[in-house]
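The values are calculated or read from the model by the stated rules, or taken from the named source; none is laboratory data. What you see is a predicted model; the values in this text were computed from it and never measured. Here the Cβ positions follow ideal geometry from the backbone for every residue, glycine too, while neighbour counts run over all protein chains shown.
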Amino acid sequence: MRFYHKHILPVLIDRACSGKTSMGQREKVIPLAKGKVLEIGIGSGASLILYDGTRVKHVTAIDPLEELWKKNRVDLDNLNFEFEYIKGSADQIPAGDGTFDTVVTTFTLCSVHNEEKVLREMHRVLKPGGRLVFSEHGKAPDKGIERWQKLVNPVWKQISGGCQLTRDIPELLERNGFNIGNLEAGYKDGWSLTSYQYWGFATRI
């Protein structure tokens, strides 16, 4: 499994996160970011081309999978904002309280080990009134699909880098100090157990 997680899994994640559906979802939310931005779980950097350089001053990206970041295909020297990559975990963000205007997370909350701690960290580093911009897949509203999500989840998370199928994204945000300002949800193309997605923004209370 060590070889799989180091050499094969990063390729599979990169393909999934750079695909048409994933990029289409990012296009809906990343332009909402402004000011000083923290992106959680940047992966191979597919989101970088979507930031609006007239609104964004600086993007700090944090991700524990350096093997995935090395697959980055964006010319970092030509970005029209300042950029910094940090290898690290979002459950212990190396930044002071109230550092960022915006936190961005796309297809990341499903795979963090301790989602409660990560969300508390996001809340901590956001300025009061700052925005969490998100696009995530999670628990489906249809009971039949939800039952399959729960059944498959124990095996799925072992082969997918910890990805969870059953997380209730709106409930998690509200329970950890965020007020949802805009929320959309619906099924997208792909495997039914991962295709129900939530996107929008929430404000730090």
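Might you check whether a residue that is touching a residue at least 12 places away in the same chain (Cβ under 8 Å) and over 18 Å from GLY177 (Cα atoms) occurs anywhere in the stretch 114-121?
There is no residue in the stretch 114-121 that is touching a residue at least 12 places away in the same chain (Cβ under 8 Å) and over 18 Å from GLY177 (Cα atoms).
Search the stretch 147-165 for residues that are surrounded by fewer than 14 Cβ atoms within 10 Å (Cβ to Cβ) and pair each with any residue that is part of a helix (DSSP H, G or I) when their beta-carbon atoms are under 7 Å apart and the residues are at least 6 apart or on different chains.
Pairs found: none.
Take the residues in the stretch 166-186 that are part of a strand (DSSP E or B) and not aliphatic (A, V, I, L, M), then tell me which one is nearest to ALA16 (Cα to Cα).
GLY186
Quick one: which residue in TYR85, TYR4 is surrounded by fewer than 21 Cβ atoms within 10 Å (Cβ to Cβ) and assigned to a strand (DSSP E or B)?
After ruling out the rest, the residue left standing is TYR85.
Name the single residue that is modelled with the lowest pLDDT among those in the stretch 149-165 being among the polar types (S, T, N, Q) and assigned to a helix (DSSP H, G or I).
Checking each candidate, the answer is GLN158.
Taking the stretch 7-31, which residues are farther than 15 Å from TRP69 by Cβ, touching a residue at least 24 places away in the same chain (Cβ under 8 Å) and either in contact with a strand residue (DSSP E or B) (Cβ under 8 Å, 6 or more places away or on another chain) or outside any helix (DSSP H, G or I) (or both)?
Result: SER22, GLN25, ARG26, LYS28, VAL29, ILE30.
Pick from the stretch 54-82 the residues that are touching a helix residue (DSSP H, G or I) at 6+ places or on another chain (Cβ under 6 Å) and surrounded by fewer than 19 Cβ atoms within 10 Å (Cβ to Cβ): which of them is nearest to GLU115 (Cα to Cα)?
My answer is GLU67.
Select from the stretch 91-111 the residues that are of a type in the set (Ser, Thr, Tyr), under 17 Å from THR203 (Cα atoms) and crowded, with 22+ Cβ neighbours inside 10 Å and list them in ascending order.
Selection gives THR102, THR105, THR106.
Considering only residues that are among the basic types (Lys, Arg) and either at pLDDT below 95 or touching a strand residue (DSSP E or B) at 6+ places or on another chain (Cβ under 9 Å) (or both), which ones fall in the stretch 166-205?
ARG167, LYS188, ARG204
So in the stretch 109-148, with the set limited to residues that are among the charged types (D, E, K, R) and in a strand (DSSP E or B), which one is nearest to GLU39 (Cα to Cα)?
Checking each candidate, the answer is ARG131.
Working only within the stretch 54-73, note down all residues that are over 12 Å from ILE40 (Cα atoms) and either at pLDDT 95 or above or out of contact with any strand residue (DSSP E or B) (no Cβ under 9 Å at 6 or more places or on another chain) (or both).
THR54, ARG55, VAL56, LYS57, HIS58, GLU67, LEU68, LYS70, LYS71, ARG73, listed by residue number.
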